[in-house]
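What follows draws every value from the coordinates through simple rules; no lab data is involved. All figures in this text were calculated on a predicted structure; none of them were measured in a lab. Glycine gets a Cβ as well: all are built from the backbone with ideal geometry, and neighbour counts include every protein chain shown.
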Amino acid sequence: MTRDAVQDADGHVTGPVPPPPGKGRWRAVRLARPAVSFRVDLRALWVMLALGLVAAAALVASIALGEYPIGLREVVRALVGQGHPGHEFIVMDLRLPRAVVAFAVGAALGAAGAVFQGLTRNALAAPEIIGVAAGANLAAVIVIVVLPATPIALLPVAALAGALATTALVYRLAWHGGSSPIRLILVGVGVTLVGHALVMAVVSSVDEIIHASQLVIFMAGSVYGKGWHELIALAPWIIVLLPLALGGARHLDALRLGDHPARGLGVHVERQRLTLLAIAAALAGAAVSTAGPVGFVGLMAPHIARRLVGAAYAAALPVAAMAGGTIVIAADTLARTLFAPVEIPVGVMTAIVGAPFFITLLFRAASRTPGP
Amino acid sequence: MSAAERAGAGLAGYGRLPLPGLLLALLGGLALAAAVVASISLGTVFIAPETIVAAFTSFDGSDQQVIVLTVRLPRAMIAAAVGATLGMAGAVMQAVSRNPLAEPGILGISWGAALAAVGAQVLLGVGSLTGLVWCALVGAAAAGAAVVMLGALGRRGLTPAKLVVAGAAVSALLAAVVQGLLVLDRESLEGARRWLAGSIVGTNETLLLQVLPYQLAGILLALLLARPLTTFSLGEDVARGLGQRTGFVKGGAAAAVVLLAGSAVAAAGPVILVGLAVPHLSRFLFGRDYRRVLPAAAVLGALLVVVADVAARFVIPPEEVPVGVMTALVGGPYFVHVVRRGMAPL
Amino acid sequence: MPLHANDLALAYGRDPVIADLTVHIPQGQVTALVGANASGKSTLLRGLGRLLRPAHGAVYLDGRAITQMSTKDIARRMAILPQGPDLPEGVTVRQLAAHGRYPHQGMLQQWSHRDEQAVADALAATGTTALADRMLDELSGGQRQRAWIAMTLAQEAEIMLLDEPTTFLDIAHQVDILDLLHELNERDGRTIVMALHDLNQAARYSHRILAIRRGRLAAEGPPHHVITEHVVRDIFDLDVSIIQDPTTGAPLCIPISPRAARQHHRPATSTPPGGRSPNAVRQDDGSV
């Protein structure tokens, strides 16, 4: 101990300046009865608050801006039910639900991405890479093309089923006397390759170009025309799954230490991994079924979260959800207004924003010493 | 047995077949010829082999003979050319990256080519075949350069698995942008959607002649690199220690991959996973000497795509499944198999 | 005897590694597992720490088969530190140590006073308090290993299993870690079981040595009994002469040079190079 301490006292510090002592960062919250104790990360709390403000600002902007701009005062009036009837229709029936759907979709994708990245210990794991998005795509595409009589309301159900089935397939195929993070993500890549090829096969085979274009729009990811109906369908999933994911963050953090250390700590490694995988797949599936695979949100949001509050998922997971929601609202607002009256799908917008982000990330990851 | 050799043998699973190379080459050639004949003769209209021969020896202008010369033969040739170039591209990539999962489709090169071609069509209005071929090459080059750079940067930091995931992420990104472009332009969607699935239906000799020069250049370059690649595949440090100028090898390999994969995508769209199993099988048959592995990968790749194209006509008749889907359906399970067995670095 | 194994057989897939082994781990002592590469000492340690399910036989903790116990219950009684654990990204020493509290926490009890105290104690005991807020990946190998040990200490388990805790460390850090473990045993009376590949370290730091040869117990007993010319020749196929360590009095083995060994018509050690643990494990742990 002395050797290391001396080295430290000499000021021989490698790497960046250590973060300020943790004492100030965490607060313990304890109740004697019922016996409850928590540790609150103050930094994460502040970050959440700040992100929440940004999200609120983006929400208001998203409502105010558009082909028919509405002044801020009018927006507020319409929101409280005191506005011009025309404004109220645009705000309450068109833009507000759409913005809320965008936020929910982004939050689900952000949280799912964080779980996938933690589980696979790979910073590039995201719904569109691990097979979930491909499965949802394939199911949706098959419903649109093969069973055109199916009511459109069933499309999300099919997409969700596809996402879950694909995840189950990935898990099963990655099982080889136990699952492993590396096999999970690589098998996911393989399943995505095949799934995508099948999707393209269906797209290429439809006779009606209208169909093809409907498919492509779904695949690009869009919240166009989403209203209260979609929100009501999506909300239960988010309300149930997001807290489950947050509750699982503790196990996710333990799993990140590696399978053997985690098992030594008393973690049910396989059981927790399967549970977390199922939660994340359902979250991503619900999001994709609502808006199509809005790309790169599940990749970007967890990264932003880790930069802001550190790698521990107990803090990073809620922040990732918040960041994801904020990204999608902002991207959708841009996608609606940038080339107005032409509206581009929000997924294209996030891909355009995500591209430079992603490339920087790749090169940073590649030039760094080995790590998860 | 060196570590590298062990890894190679482990990859093949059973060591090396003891059959003499000449016999194998002969068998491969015969199989390919048979597949090409089958490809010409089978389809909605059956064409007897003697009619095929007659189309060349005594052309009489009959419908069947016209079909042979203008539809079936170019299609078989395109399939063979695409398969040969993709097989070789995969072999070169695996040798350079020492990664058994390296393949143009997996590492995002195919989608780079596809994005550039679609982008040129939608945004710049490029319509000519030559223009599109060039765009595909440029796109493949960009994506390929990114991958090679990543591989070079990550000599320590980026494991084979991470490179594959990075490639998948690149592919996902490029595919997202392609889809976005197609949303904007319905006309291009109509033109591009079959091609994007990896299809060679309706190709003709004009297309073949357009891409052939690049394919031949790529094949030639790859074959010239065969010996240095064999050395390089032992590891860059070893190769450098043996006096190899590894920068040239890597640069040449990158150029070869761009020509091979880019021209293949220009011809048939992203036909994926051809370059995965084919080099594995070639190494299994011929060991680690890329002077043998590369030609073998060309023949086997051609064989795979020609057979896949024939099979594609009979899966859901009268519809035809795009050949890229067929190769994905064959290659996907193989990919999963390699992952499950645990991939030793090459 | 809080920990013992009865008729234990361990295997990776179909490859048997440990066959019908019965061992007792004495309470409050330091036990070292020694053996040649691929002899099964690490496998035995994993089996004892329920990282590996027995093919047959069982490991008993306080008289109960560990396969019948909840894994959290085991974790509260027994901590295991696997060999060369991964380096999790973005984790501080304090966070790592706090992970040791996992088996004591639940949905509602996530950070009790006891948790806080145990982590502080673990950091203090391993001398990592000053490093607590440094990231793991900016530390030296020795400091990192101390942080991992802090995690197992925070578990407040009476038994600690460590798989080659000194691998990848230079000699000074090796001594440092072993001194620390010795101290933990002396001061707190913890039961420590560690797989070691250095016989002299095993002789110096343990009360009891279990020598494993090809999955079987070749010798067991206090260092003076086990570290003999005869036993070492048996388990390592190596001729040594044993002298007394001038500082501690423990037996110290000096290898006789291979040339001398050849003159005795004895084959050189037959273990393959690089095969420190069975292939199946290496592959699973991330050759990719």
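For chain B, rounded, prolate or oblate, judged on the Cα gyration tensor with a ≥ b ≥ c (square roots of eigenvalues), a/c < 1.5 rounded, else prolate if a/b > b/c? Each step should come with its number before you reach the end.
On the way: a/c = 1.87, a/b = 1.27, b/c = 1.47.
Oblate, because a/c is 1.5 or more while a/b does not exceed b/c.
Give me the three principal axis extents of region C:30-159 from the C-alpha atoms, as integers in angstrom, largest value leading.
Taking max minus min along each principal axis of the Cα atoms, region C:30-159 gives 44, 39, 27 Å.
Under 5 Å between amide H atoms, partner at least 5 residues away or on a different chain: which partners does C:LEU162 have, H built in plane at 1.01 Å?
So C:LEU162 has HN proximity to C:LEU81, C:VAL193, C:MET194, C:ALA195.
Write down the Kirkwood hydrodynamic radius of chain A, to one decimal in angstroms, obtained as one divided by the mean of 1/r over all alpha carbon pairs. Please report the intermediate quantities before stating the final value.
On the way: mean 1/r = 0.0458 Å⁻¹.
Result for chain A stands at 21.9 Å.
Quick check on region C:30-71: what does the Kirkwood estimate of hydrodynamic radius come out to from the alpha carbon pairs, in Å? Intermediate values should be presented prior to the final figure.
Numbers: mean 1/r = 0.0882 Å⁻¹.
This gives a value of 11.3 Å.
Say each of B:ALA25 and B:ALA311 gets a label point 7 Å from the Cα, pointing the same way as Cα to Cβ; how far apart are those two points in nm?
Output for this residue pair reads 2.8 nm.
Share of antiparallel DSSP beta bridges in region C:3-286, in percent to the nearest 5?
Percentage antiparallel, nearest 5: 60.
What list of ³J(HN,Hα) couplings, whole Hz, do you get for region B:37-53 from phi and the Karplus terms 6.51, -1.76, 1.60, once you set θ to phi - 60° and write x for glycine and proline?
4, 4, 4, 6, 8, 8, x, 4, 10, 7, 10, 5, x, 5, 5, 4, 4
In degrees between 0 and 90, to the nearest 10, how far off the longest principal axis of chain A does helix A:96-120 point, with axes built from Cα atoms?
The angle comes out near 40 degrees.
Using only the Cα atoms of region C:191-235, what are the Rg and Dmax in Å?
Values for region C:191-235 (Cα only, Rg and Dmax): 9.7, 29 Å.
How much net charge surrounds C:ARG64 when only the other residues with a Cβ under 13 Å from the Cβ of C:ARG64 are counted, with Lys and Arg +1 and Asp and Glu -1?
Values: positive: C:ARG50, C:ARG77; negative: C:ASP62, C:ASP73.
Charge balance in the 13 Å sphere: 0.
Could you list the GluC sites (Glu not before Pro) in region A:55-154 that lie in coil according to DSSP, counting only those with at most 16 other Cβ atoms within 10 Å of their Cβ?
Values: sites: A:GLU67, A:GLU74, A:GLU88, A:GLU128; in loops: A:GLU67.
Here the GluC sites (Glu not before Pro) that fit, given the DSSP loop and packing criteria, are A:GLU67.
Which listed residue (C:PRO103, C:ALA218, C:PRO26) has the Cα farthest towards the positive end of the charge dipole for chain C, taking +1 on Lys and Arg C-beta and -1 on Asp and Glu C-beta about the Cα centre?
Highest projection toward the positive end goes to C:ALA218.
Against the 2.2 N^0.38 Å scaling, with N counting residues, where does region C:3-286 land? I'd like the Cα-based Rg ratio to two decimal places. Working shown, then result.
Details: Rg = 19.2 Å, N = 284, 2.2 N^0.38 = 18.8 Å.
Against the compact-globule rule of thumb, the ratio is 1.02.
Looking at region A:212-260, which chymotrypsin sites (Phe, Trp or Tyr not before Pro) are DSSP coil and have at most 16 other C-beta atoms within 10 Å of their C-beta?
Numbers: sites: A:PHE218, A:TYR224, A:TRP228, A:TRP237; in loops: A:TYR224.
Those that pass, being in a loop and sparsely packed, are A:TYR224.
Can you put A:ILE130, A:ILE238, B:ILE200 in order of Cβ neighbours within 10 angstrom, beginning with the fewest?
Numbers: A:ILE130 36, A:ILE238 21, B:ILE200 28.
Ranked by crowding around the Cβ, least crowded first: A:ILE238, B:ILE200, A:ILE130.
For region C:68-74, in order, what is each residue's ³J(HN,Hα) by Karplus, 6.51 cos²θ - 1.76 cosθ + 1.60 with θ = phi - 60°, in whole Hz (x at glycine and Pro)?
Working through the residues one at a time gives 8, 9, 6, 5, 6, 4, 4 Hz.
If neighbour count is taken as other Cβ atoms inside 10 Å, put B:SER58, C:SER112, A:SER222 in order from fewest to most. All intermediate terms of the calculation are to be shown ahead of the outcome.
Values: B:SER58 8, C:SER112 19, A:SER222 22.
Result, fewest neighbours first: B:SER58, C:SER112, A:SER222.
So what is the orientation-averaged projected area of region A:232-349, using the convex hull of its C-alpha atoms, in nm²?
On the way: hull surface 32.0 nm².
Seen from a random direction, the Cα hull of region A:232-349 projects 8.0 nm² on average.
Roughly what would the spin-label model give for A:VAL146 and C:THR248, points 7 Å off Cα along C-beta, in nm?
6.9
Largest first, please: the extent of the C-alpha atoms of the protein assembly as shown along each principal axis, to the nearest Å.
Sorted largest first, the three principal extents are 100, 87, 50 Å.
Give me the base-10 log of I(q)/I(0) for region A:280-339 at each q in 0.15, 0.16, 0.19, 0.28 Å⁻¹, Debye formula, one uniform scatterer per Cα, rounded to two decimals.
Summing over Cα pairs of region A:280-339 leads to -0.48, -0.54, -0.73, -1.15.
Have a look at B:GLY198, B:VAL92, B:VAL321 and report the one farthest towards the positive end of the charge dipole of region B:73-341, computed about the Cα centre with Cβ charges (Lys/Arg +1, Asp/Glu -1).
B:VAL92
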